1. What order do you get for LYS47, LYS9, LYS68 when you list them from fewest to most C-beta neighbours inside 10 Å?
2. Below 8 Å, C-alpha to C-alpha, sequence gap of six or more: please give me the relative contact order for region 1-45 in percent.
3. Among THR4, THR43, which comes first, second and so on when ranked by fewest other beta-carbon atoms within 10 Å?
Amino acid sequence: MDFTEMFKKATLDEREPEGLSPHPYQTRLAEGEDLPSFLEAPTGMGKTAAVILAWLWRRRFADEAVRKSTPRRSRALFSSTPQLVPPPGERRVVSAGKPKRVKDEFNEEGETPL
């Protein structure tokens, strides 16, 4: 089974009856020579799926040399890119399924009024 096929099967649900196709970086992660020690991608780009499914594919479906060289336990560190983190004084709220930024209002003491 190739990585794209496994990824689609792993991401099947009612909204995606055929599963999601992996982003190119997710495929490169799975099929690359080594797993990186750090992964940085924007929020919502599938970092968790990338790390878990790439590791699983390498351990289960890759050729024997890759399976043997892939650690039995995955220790992953990944981060969202900072430009998508709300600036100080703003927070993200989800309304009707879509995140949006909301400016917090502070009083003179730096507290958010009720």
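Quick note: the coordinates plus some simple rules give every number you see, no bench work behind them. The structure displayed is predicted, hence computed values, not measured ones. Positions of Cβ are backbone-derived with ideal geometry, glycine not excepted, and every protein chain shown enters the neighbour counts.
1. Arranged by neighbour count, lowest to highest, LYS47, LYS9, LYS68 become LYS68, LYS9, LYS47.
2. 29
3. Ranked by crowding around the Cβ, least crowded first: THR43, THR4.
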